[in-house]
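The structure under discussion appears below in the form of structure tokens.
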Amino acid sequence: MPDREWTPPEPYDLRRSLLVLRRGPYDPAFREERDGTLWRGTRTPAGPATLRLRRGARIEASAWGPGADWVLDRLPALLGGEDRPEEFVPRHRLIAEARRRHRGVRLIRTGLVLESLIPSVLEQRVTTEDAYRSWRRLLRWFGEPAPGPGAELDLWVMPEPRAIARVPSWDWHRANVDGSRSATVMRVVRVARRMEEAAAMDLPRALARLQAVPGVGPWTAAEALQRSNGAPDAITVGDLHLPGTIGYALAGERDADDARMLELLADYPGQRHRAARYVLLTGVAPPRRAPRQRHARIARL
């Protein structure tokens, strides 16, 4: 069980920084304890790993499994140590206040593309609840228990690409994943090595690499690279709610589209994703005018 420590800058918010990796409150690969300890099951190039993070005067990290050294060697990047939030200059009062209240939130960098890309594909065109449920089933049916204490904690690691490639069509159906999304996942895992190379690329090249796979569009690529690359400018376009939220928060416009959102964020070159994240942290959103989207029951068809 290798151990490592990292002294974060102050202020530092471990939970809010890492929470972007959790795919719903019941994500089998992520666990949060009452004392603030975070557990993560992950698949590294060296193999599966269990990571435990505890916050004290320093961040205390312990890891188990074949990928333990790999994940600990990259601990500062994972925790946001390579992020440069001081380069961000607020241009709106609301964003300035959000930055003041959430100074401890940093953009994390996992260095792992597939573990963010695959759940992002599952989130295409469905409710987040449906996507989270499909992700849970994929991990529990075809993944493996996380090494070390991860098994006792019911912590799971994403299946390796070859295992995902062997998932039959009827099991995708049972997992509530339609043919379009499952086909995209299959195309992604067949070029897994090429996808993982994007973790070392600048944002334009990384976006182009991911979108070279049919079915991976700007929305999916940005959502993945926000986590794998810690890219502060990887703004999500094509989202059902984000343009309206940004438009309402910054200009009082509830019906803003992507073009209007990008216009409002033009004051943040190279930092548009960070600006949008500060807006989301405020909780400001336009009042809902329609009922929530109904859950897609693909498995019943």
Quiz item: Is region 162-301 rounded, prolate or oblate when judged by the Cα gyration tensor, a ≥ b ≥ c being the square roots of its eigenvalues, rounded requiring a/c under 1.5 and prolate requiring a/b larger than b/c?
Solution: oblate
Practice problem: Quickly estimate the mean residue ellipticity at 222 nm for the chain, helices only: each DSSP H run with n ≥ 4 gives -39500 (n - 2.57), and the total goes over all residues, rounded to 500. | Solution: -11000 deg cm²/dmol
Quiz item: Rounded, prolate or oblate: which one fits region 241-282, using the alpha carbon gyration tensor with axes a ≥ b ≥ c (rounded when a/c is under 1.5, else prolate when a/b beats b/c, else oblate)?
Solution: oblate
Quiz item: Separation of region 138-155 and region 1-44 by C-alpha centroid, Å?
Solution: 16
Practice problem: Beta carbons within 10 angstrom, averaged per residue: use that to sort the peptides 138-144, 109-115, highest first. | Solution: 109-115, 138-144
Self-check item: Size of charge dipole - region 204-272 - debye, nearest 20, with Cβ of Lys, Arg +1 and Asp, Glu -1, no other charges
Solution: 340
Exercise. Please work out which option in [x] 13.7; [y] 15.3; [z] 17.0 gives mean projected area of the Cα convex hull in nm² calculated from these coordinates, and answer with its label.
Key: [y]
Quiz item: Any idea how far apart SER169 and ARG34 come out in nm if each label point goes 7 Å out from Cα toward Cβ?
Solution: 4.9
Quiz prompt | Signed unit charges on C-beta, dipole axis of region 40-163, positive-most listed residue ALA77, ALA57, VAL126 | solution = ALA57
Practice problem: Give the ranking of ASP130, ASP255, ASP3, ASP233 by solvent-accessible surface, highest area first, calculated with a 1.4 Å probe. | Solution: ASP255, ASP3, ASP233, ASP130
Quiz item: Which residue, ALA57, ALA175, ALA275, tops the fluctuation ranking in a GNM of the chain built on C-alpha contacts under 10 Å?
Solution: ALA57
Quiz prompt | Relative contact order computed over region 11-113 (Cα-Cα under 8 Å; 6+ residues apart), in percent | solution = 27
Exercise. Once you have a ≥ b ≥ c as the square roots of the Cα gyration tensor eigenvalues for region 47-192, tell me rounded if a/c is under 1.5, and otherwise prolate or oblate according to whether a/b is larger than b/c.
Key: oblate
Practice problem: With only Lys, Arg, Asp and Glu charged, each at its Cβ (+1 for the first two, -1 for the last two), find how big the charge dipole of the chain is about the Cα centre; round to the nearest 20 debye. | Solution: 720
Practice problem: Scan region 156-209 for chymotrypsin sites (Phe, Trp or Tyr not before Pro) in coil per DSSP, keeping those whose Cβ has at most 14 other Cβ atoms within 10 Å, and list them by number. | Solution: none
Quiz item: Roughly speaking, what is the stretch gain from ASP178 to ARG205, that is 0.36 nm per residue apart minus the C-alpha to C-alpha distance, in nm to one decimal?
Solution: 6.8 nm
Practice problem: Determine the share of the chain's accessible area contributed by carbon and sulfur atoms, expressed in whole percent, with a 1.4 angstrom probe. | Solution: 49
Exercise. Might you report the magnitude of the Cβ-based charge dipole of region 241-282 about its Cα centre, with Lys and Arg at +1 and Asp and Glu at -1, to the nearest 20 debye?
Key: 240
Exercise. On a C-alpha basis, how far is the centre of region 104-118 from the centre of region 211-279 in Å? Whole number, if you could?
Key: 16
Quiz item: Which whole-Hz couplings ³J(HN,Hα) result when phi for each residue of region 209-222 is put into the Karplus expression 6.51 cos²θ - 1.76 cosθ + 1.60, θ = phi - 60°, listed in order with x for Gly and Pro?
Solution: 4, 5, 6, 6, 8, x, x, 9, x, x, 4, 5, 5, 5
Quiz prompt | GluC sites (Glu not before Pro) within region 1-72, DSSP loop, no more than 11 other Cβ atoms inside 10 Å | solution = GLU33
Exercise. Return one whole number: the accessible area per residue of the chain in Å², for a 1.4 Å probe.
Key: 48
Quiz prompt | Sequence-separation-based contact order of region 241-282, relative, with Cα cut under 8 Å and 6+ spacing, percent | solution = 33
Self-check item: Which of ALA163, GLY215, ASN229, positive extreme of dipole for region 153-267 (C-beta unit charges)
Solution: ALA163
Exercise. Would you be so kind as to identify which of TRP6, PRO25, GLY67 lies farthest towards the positive end of the dipole of region 1-75, taking Lys and Arg as +1 and Asp and Glu as -1 on Cβ and the Cα centre as origin?
Key: PRO25
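The values are calculated or read from the model by the stated rules, or taken from the named source; none is laboratory data. Bear in mind the structure is a predicted one, so any value in this text is a computation, not a measurement. Virtual Cβ from ideal backbone geometry, glycine too; neighbours counted across all protein chains shown. Accessible surface is based on the protein model in full, side chains and every heavy atom, while ligands, DNA and RNA are left aside. Shrake-Rupley method; radii C 1.70, N 1.55, O 1.52, S 1.80 Å.
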